[in-house]
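*Asks:* Following this message is one structure expressed as structure tokens.
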Amino acid sequence: MTDQRRPLFACRNLRVAIEDKQIVKGADLEIYAGQKHALMGPNGSGKSTLAAALMGHPAYQVEGEILLEGKPIQELPAHERARLGMFLGFQYPVAVPGVSVANFLRAAVSARRGEAVPIKEFRRELFAGFEALRIDRSFAGRYLNDGFSGGEKKRLEILQMLLLKPSFALLDETDSGLDIDALKVVSEGVNLAAGPHNATLLVTHYQRILDYVKPDVVHVFMDGRIVRSGGPELAVELEARGYDWLDEATAIEANETDTAAVAAADTAAKG
Amino acid sequence: MAESAVLSVASKPTVSTEMVTALSRTLGEHPGALAWRLRALARYDALTLPNRTEQRWRYTDPLALLPSAEALLRKLTSAASGSGNETAQQAAAEWKRLRDDEPAVLLMPGDGPRLNAAAEAAGVAIAPLWQTDADEELIGRAVPAAAGLFAALNGAAWNAGMTVRIPAGVELDQPLRIVLPAAAVSLPRLLIEVGPQAIATVIEEHCGGAAESRVVSVTELLIRPGARLHHVLVQRWQDGVHGHMTVRGRIERDAHFSSATAAFGGRVSKLDLGGILAGAGAHSELRGVVLGDRRQHFDHHTLHHHLSGNTRSDIDFKVAMAGRSRSTYTGLIRIEPDAPQSEAYQENRNLLLSAGSRADSIPELEILTDEVSCSHGATVAPIDPEQLFYLGSRGLGTDEAIQLIVRGFIASVMDRLPETVQTTVAELVSARLVRVTGGI
Ligand SMILES: Nc1ncnc2c1ncn2[C@@H]1O[C@H](COP(=O)(O)OP(=O)(O)O)[C@@H](O)[C@H]1O
Ligand SMILES: [Mg+2]
């Protein structure tokens, strides 16, 4: 039985710098099993930096605490975080020429499960994933992200999430650059993967995907900080008004009033 | 594991007329062979060491590849007296190992080369080099003794030579495998003729040896009109071996030469590999995968020489260096003035797996006519840390990620190996990758 009072994922006072430039200036998140959170913010606010740091990118200087199921993971390299159940859907998935999607995925799934997954079983899972995301089977033989269109890359990220079954998935702009059909497919994938025992953090700067994936909590991220958190209606408000109205002064004030809404959402998730 | 230092000789070793004469007599060669050897010897005597200011020798000391005069004398007199031939012993051991493992056709100079029944029935003929005068018109056609110091040394003093003739129109479904174990000093010479319209795969496998072994080999491949030759050179010497290998395919009209090099072993290894496109419609493809680690030094030179118009050449050389290893690649494309409508492509990519490794890549183009299509590319880069992070975020640790990235990097070469050698080379790649990632 999971401890309902303990968040599945949390970070506390997380600060991230690169080359002595402070990008994330203290971020706190608590995400419970069964929840979906959205982190929204303008371009350049540091969302991808935060996501990469949470996943364990070695180039960043990170201070603060990251907890996965109560276990501090901030000292672990990315592959150990992944094996423990973290997943990052990349804003810009990286190409690895010469490595086929199937070979890569089989290695990844084996690493996640801690044992080599038999070929037959793997193929079954792979093709089921292809079907769910309407990906052509010829993908299996293509080289990883090499020459893929933006949409193909994003579908493949979601496919990986379906196969790796993370307990906590961070999806960095998985919705950007998708046409409406692809967006629907990707959203279905996210909803398919989400369950009572895992959690998702959707990072985005558009409200669009939130029409298909309903978040429990929405955080607004600006200039390296979460300036406001609230329920799904916050995303709608952002869509209508943009980010500019949320200058820091109002944000600080608003933050206080919205604490109640966040608490309500958390209680709903726990209950 | 101790790393051997590069031990160079002080000067090029002396070879005497008497040594060469005795050698030729003991090997039972046709008199024509001795005359040819002595002409090569005159060349050898006249040649100075390669000029280190030339690109081709800038990074590799020729003195590190030559045997000492004493070792050479010992070797040649022992071959001449027919006693104490450790090559034969090594060859016998290799022969046994390989024969147990696989049914391929096996040939080995120094141990009485043998053919299997299928190849014999197809009319393939093997013989020690130049025992009949038939070899006179073939030898030196792809690698003349005048080609350079190493070609001249081998031409004067080869101590294990073999001719392979594949008759016209024959299609061999099994590869011919020629195993060349390195002795203290080895000067093997292969002469292979693929008759018109014939199709064959030849594996040239350099193996064995010990610290201080020196190898100077020459392989001449004559690919007659319409023939297709798949040539695979596997270099898996023991750690301390120093060697220089020359391989030339002479590609006649409408013939196809496809050569794949897989180099892993030795301390200092230089390969001079090329195709001479001598007739219209000739096509040459050179591919390479080189995986180095520790303090290995690899030097690869490729030549595509377009003598005739309407010819096509393509090079894809992939080099991955770990530890403190070092690689040099120089690629010369030469298109003669009367070789219009030729196409020549050359690509050399180098992946550095450690901060201490190094790779240099130098294209050399001599395009003497305008009506050609020619391109070349060279890159030297470390592994992309974003690739490591991406693979890491999927649960792959650094070693596993590097193995995957390197396998992807060399895939274009591996995928195009003849099927019959894919497993062998893949095993060598795996073994080296395990060693490399263990040592990072
Ligand atoms: N490797 C880096 N070196 C220096 N600055 C960086 C690096 N990566 C990102 N930045 C800077 O960090 C800020 C946040 O970028 P990013 O995290 O990509 O924002 P977002 O994902 O919200 O658009 C930007 O100002 C960007 O220029
Ligand atoms: Mg971003």
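Any read-out appearing in this document is the output of simple, stated calculations on the displayed coordinates, not a laboratory observation. What you are looking at is a predicted structure, and each value in this text was computed from that prediction instead of being measured. Cβ placement follows ideal geometry from the backbone for every residue including glycine, while neighbour counts extend to all protein chains displayed.
*Asks:* Across 5 Å bins from 0, what is the distribution of all Cα-Cα pair distances for region A:179-236, in whole percents?
*Replies:* 4, 17, 27, 23, 17, 10, 2
*Asks:* Rank the residues A:Thr174, B:Thr420 as a footprinting-exposure proxy: fewest other Cβ atoms within 10 Å of their Cβ go first.
*Replies:* B:Thr420, A:Thr174
*Asks:* Connecting C-alpha atoms closer than 10 Å in a GNM of chain B, tell me which of B:Leu277, B:Leu307, B:Leu153 has the biggest fluctuation.
*Replies:* Taking springs between Cα atoms under 10 Å, the residue moving most is B:Leu307.
*Asks:* Tell me what chain B gives for mean residue ellipticity at 222 nm when only DSSP H runs of n ≥ 4 count, each as -39,500 (n - 2.57), the sum divided by the residue total, rounded to 500 deg cm²/dmol.
*Replies:* -8000 deg cm²/dmol
*Asks:* Indicate, rounded to the nearest 5 percent, the antiparallel portion of the DSSP beta bridges found entirely in the protein assembly as shown.
*Replies:* 15 percent
*Asks:* Using only DSSP helix segments of four residues or longer, with each worth -39500 (n - 2.57), what per-residue ellipticity at 222 nm results for chain A after dividing by its residue count and rounding to 500?
*Replies:* That calculation yields -12000 deg cm²/dmol at 222 nm.
*Asks:* Once you average over the residues of B:394-407, how many Cβ atoms of partner chains fall within 10 Å of each Cβ?
*Replies:* For this peptide, the per-residue mean of nearby foreign Cβ atoms is 6.
*Asks:* Select from A:Ala107, A:Met40, B:Val234 the residue farthest towards the positive end of the dipole of the protein assembly as shown; place +1 on Cβ of Lys and Arg, -1 on Cβ of Asp and Glu, and compute about the Cα centre.
*Replies:* Going by the charge dipole, the pick is B:Val234.
*Asks:* I've got another one for you. Place a +1 charge on the Cβ of each Lys and Arg in chain A and a -1 charge on the Cβ of each Asp and Glu, then give the dipole magnitude about the Cα centre in debye, rounded to the nearest 20. Don't jump to the answer; show the numbers that get you there.
*Replies:* Numbers: 31 positive and 37 negative charges, 246 e Å.
That gives a dipole near 1180 debye.
*Asks:* Straight-line reach from B:Lys12: which aspartates and glutamates have Cα under 14 Å away, leaving out those fewer than 8 places along the same chain?
*Replies:* B:Asp45, B:Asp61, B:Glu70
*Asks:* If you average the alpha carbon positions of region B:32-49 and of region B:335-361, how far apart do those two centres end up, in angstrom?
*Replies:* About 32 Å separates the Cα centre of region B:32-49 from the one of region B:335-361.
*Asks:* So what is the relative contact order of chain B, in percent, for Cα pairs below 8 Å that sit 6 or more residues apart?
*Replies:* It rounds to 10 percent for chain B.
*Asks:* Another one. When only C-alpha pairs under 8 Å and at least 6 residues apart count, what is the relative contact order of region B:293-440, in percent?
*Replies:* For region B:293-440, the relative contact order is 22 percent.
*Asks:* Let me ask something else. Tell me whether chain A comes out rounded, prolate or oblate; compute the Cα gyration tensor, take square roots of the eigenvalues as a ≥ b ≥ c, and use a/c under 1.5 as the rounded threshold.
*Replies:* prolate
*Asks:* Using a Gaussian network model of chain B whose springs link C-alpha atoms within less than 10 Å, name the residue from B:Ile199, B:Ile402, B:Ile410 with the highest mean-square fluctuation.
*Replies:* Checking each option, the largest mean-square fluctuation is seen for B:Ile402.
*Asks:* Holding the Cα-Cα limit at 24 Å, pick out from A:Lys184/A:Lys214; B:Lys270/B:Lys318; A:Lys47/A:Lys153 the pairs that are longer than that.
*Replies:* Listed pairs above 24 Å: none.
*Asks:* Right, another one. For region B:3-438, what is the percent of antiparallel DSSP beta bridges, rounded to the nearest 5?
*Replies:* Working: 4 of 137 bridges.
Given both bridge residues lie in region B:3-438, the antiparallel proportion sits at roughly 5 percent.
*Asks:* So, one more: Rg over Rh of region B:269-422, using C-alpha atoms and the Kirkwood radius, what does it come to? Numbers along the way, then the final one.
*Replies:* Values: Rg = 17.4 Å, Rh = 16.6 Å.
Here the Rg-to-Rh quotient is 1.05.
*Asks:* Still on this structure, please answer the following. Non-local amide H neighbours of A:Leu170 (under 5 Å, H modeled in plane, Pro and chain starts lacking H): which ones?
*Replies:* Under 5 Å from the amide H of A:Leu170 lie the amide H atoms of A:Phe87, A:Leu88, A:Gly89, A:Leu201, each far enough along the sequence or on another chain.
*Asks:* Could you tell me the center-to-center distance, by alpha carbons, between region B:233-270 and region A:110-170 in angstrom?
*Replies:* Cα centroid to Cα centroid, the span is 39 Å.
*Asks:* How large is Rg over Rh for the protein assembly as shown, taking Rg from the Cα atoms and Rh as the Kirkwood inverse mean of 1/r across Cα pairs? Don't jump to the answer; show the numbers that get you there.
*Replies:* Details: Rg = 31.8 Å, Rh = 28.8 Å.
Here the Rg-to-Rh quotient is 1.11.
*Asks:* Also, I was wondering about something else. Which of the three applies to region A:75-153, rounded, prolate or oblate, going by the alpha-carbon gyration tensor with a ≥ b ≥ c and a/c under 1.5 meaning rounded?
*Replies:* Oblate is the answer for region A:75-153, as a/c is 1.5 or above yet b/c matches or exceeds a/b.
*Asks:* Still on this structure: Within chain A, what percent of beta bridges assigned by DSSP are antiparallel, to the nearest 5?
*Replies:* On the way: 24 of 42 bridges.
The antiparallel fraction comes to roughly 55 percent.
*Asks:* Where a Cα-Cα gap under 17 Å defines reach, which aspartates and glutamates qualify for A:Lys71, not counting those fewer than 8 residues away within the same chain?
*Replies:* Answer for A:Lys71, where 17 Å is the Cα cut-off: A:Asp3, A:Asp28, A:Glu30, A:Glu63, A:Glu80, listed by chain and number.
*Asks:* Please compute the Kirkwood hydrodynamic radius of region B:187-262 from all pairs of different C-alpha atoms, in Å with one decimal.
*Replies:* Here the Kirkwood hydrodynamic radius works out to 13.1 Å.
*Asks:* Follow-up question, since we're still on this one. Could you run the Karplus curve 6.51 cos²θ - 1.76 cosθ + 1.60 with θ = phi - 60° over region B:332-346 and give me ³J(HN,Hα) per residue in whole Hz, x for Gly and Pro?
*Replies:* So the Karplus estimates, Gly and Pro as x, are 9, 10, 10, 10, 5, x, 9, 10, x, 6, 9, 10, 9, 10, 8 Hz.
*Asks:* Please list the non-local residues whose amide H lies under 5 Å from the amide H of B:His300, H modeled 1.01 Å from N, same-chain partners needing a gap of 5 or more.
*Replies:* Placed amide hydrogens put B:Leu271, B:Thr328, B:Tyr329, B:Thr330 under 5 Å from B:His300.
*Asks:* Could you tell me the extents of region A:142-254's C-alpha atoms along the three principal axes, largest first, rounded to whole Å?
*Replies:* 50, 32, 24
*Asks:* Roughly how many Å is it from the Cα centre of region B:365-385 to that of region B:154-210, as a whole number?
*Replies:* What the calculation gives is 31 Å, centre to centre.
*Asks:* With springs only between Cα atoms under 10 Å apart, run a GNM on chain B and tell me which of B:Glu29, B:Glu366, B:Glu205 wobbles the most.
*Replies:* Result for chain B, Cα springs under 10 Å: B:Glu366 fluctuates most.
*Asks:* Short version: ³J(HN,Hα) in whole Hz for each residue of region B:229-244, in order, from phi by Karplus 6.51 cos²θ - 1.76 cosθ + 1.60 (θ = phi - 60°), x for Gly and Pro, what are they?
*Replies:* Those phi angles translate into 10, 9, 10, 10, 10, 10, 10, 10, 4, 5, 3, x, 6, 10, x, 10 Hz.
*Asks:* I would also like to ask the following. Determine the shape class of region B:3-438: with a ≥ b ≥ c the square roots of the Cα gyration tensor eigenvalues, call it rounded for a/c under 1.5, and otherwise prolate if a/b is greater than b/c, oblate otherwise. Present the calculation step by step, with values, prior to reporting the outcome.
*Replies:* Working: a/c = 1.40, a/b = 1.24, b/c = 1.13.
Cα axes put region B:3-438 in the rounded bin.
*Asks:* Could you run the Karplus curve 6.51 cos²θ - 1.76 cosθ + 1.60 with θ = phi - 60° over region B:58-65 and give me ³J(HN,Hα) per residue in whole Hz, x for Gly and Pro?
*Replies:* Calculated HN-Hα couplings, in order: 4, 9, 10, 7, x, 5, 7, 9 Hz.
*Asks:* Also, quick follow-up: For region B:132-246, just the Cα atoms, rotate onto the principal axes and tell me the three extents in Å, largest first.
*Replies:* Sorted from largest, the Cα extents of region B:132-246 read 43, 30, 22 Å.
*Asks:* Another question, if that's okay. Name the long-range amide H neighbours of B:Thr219: under 5 Å, sequence gap of 5 or more, or other chain; modelled H, no Pro or chain starts.
*Replies:* B:Leu190, B:Thr246, B:Val247, B:Arg248
*Asks:* Sort B:Leu149, B:Leu365, A:Leu183 so that the residue with the fewest other Cβ atoms within 10 Å of its own Cβ comes first and the one with the most comes last. Can you show the working numbers first?
*Replies:* Numbers: B:Leu149 19, B:Leu365 14, A:Leu183 22.
Going from sparsest to densest Cβ surroundings: B:Leu365, B:Leu149, A:Leu183.
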